[in-house]
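Below is one structure, written out as structure tokens, with a few remarks after it.
Any read-out appearing in this document is the output of simple, stated calculations on the displayed coordinates, not a laboratory observation. Not measured: the values here are computed from a predicted model. Using ideal geometry, Cβ is built from the backbone for each residue, glycine included, and neighbour counts are taken over all protein chains shown.
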Amino acid sequence: MHLLVNGGLVDLLDLSPDDIHTVPLARALARITRFAGNFNSISVAQHAVIVSNVVEHFDGTLTEQLAALHHDDSEAIMGDVPYDIKEACPAFICIENGVLDVIDEKYCCKTRGPLVQKADKIVGNSELAFHIEEDCNLPRMMAALVDTDSGQGFHISALTLVPWAQEEAFARYLDRHDTLLRGLAKEADRVREMAKPPARLGPVVN
């Protein structure tokens, strides 16, 4: 059994969508720093929001943007483990994929889709591309993101890679989640409206 940030217990080998709750999940992700805290203080929650914004930059659908926001949700339960360690532990990857399968079911999305993976790569590589000041204490984060396949840089915002405080990361994650759900609800309403049969305009003339 595994203890969650809200005090609940889950079985990683028998996880269900009912075990996943967005608010405590966001809280946990806001507390976890990327790269085990070795390079910067960007949280997994901040990383997820930026990846979602990059997917939007590349004209991804609302569902793809939601998938990008939730692509690292497994880390709220399993922690942020370096990829080379994951590769050395196939059982870990198997369990992680099982957790992500449940995340996909919970939020009706595909967290391991190609556009999400592309955006994750861009943001991850850009997070690593930082400069150390002369006093070796303060990392100066690059503000621009770089598409590593094309070599082109772009901005999501002027503060893209400036680390957010824990509460800000938590709030922005939830705000992004809610914004995307509202957008998806509006899309669904439009589809339902378009599917309605046309109103009778008058008597049929034979």
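Of HIS177, HIS21, how do they rank once you tally other Cβ atoms within 10 Å and put the fewest first?
With the fewest neighbours first, HIS177, HIS21 line up as HIS21, HIS177.
Among THR111, CYS94, LEU15, pick out the residue whose Cα is farthest towards the positive end of the charge dipole of the chain, where Lys and Arg carry +1 and Asp and Glu carry -1 on C-beta, about the Cα centre.
THR111
Which of LYS121/LYS186; LYS86/LYS106; LYS118/LYS196 have a Cα-Cα distance over 28 Å?
Violating the 28 Å limit, Cα to Cα: LYS121/LYS186; LYS118/LYS196.
Scan (i) 42; (ii) 34; (iii) 47 for the value of percent of Cα pairs over 25 Å apart calculated from this model and give just the label.
The value matching this structure is (i).
Treat every Asp and Glu Cβ in the chain as -1 and every Lys and Arg Cβ as +1, leave all other atoms uncharged, and give the resulting dipole magnitude about the Cα centre to the nearest 20 debye.
Numbers: 18 positive and 31 negative charges, 173 e Å.
It comes to approximately 840 debye.
How much length is gained on full extension from ALA158 to VAL191, taking 0.36 nm per residue of separation minus their Cα-Cα distance?
Residue separation times 0.36 nm, minus the Cα-Cα distance, leaves 8.3 nm.
For every other residue with a beta carbon closer than 14 angstrom to the beta carbon of ASP101, add +1 if it is Lys or Arg and -1 if Asp or Glu, then tell me the sum.
After counting each charged neighbour, the total is -3.
Taking 0.36 nm per intervening residue step and subtracting the Cα-Cα distance, what contour gain separates ASP84 from VAL146 on full extension?
20.0 nm
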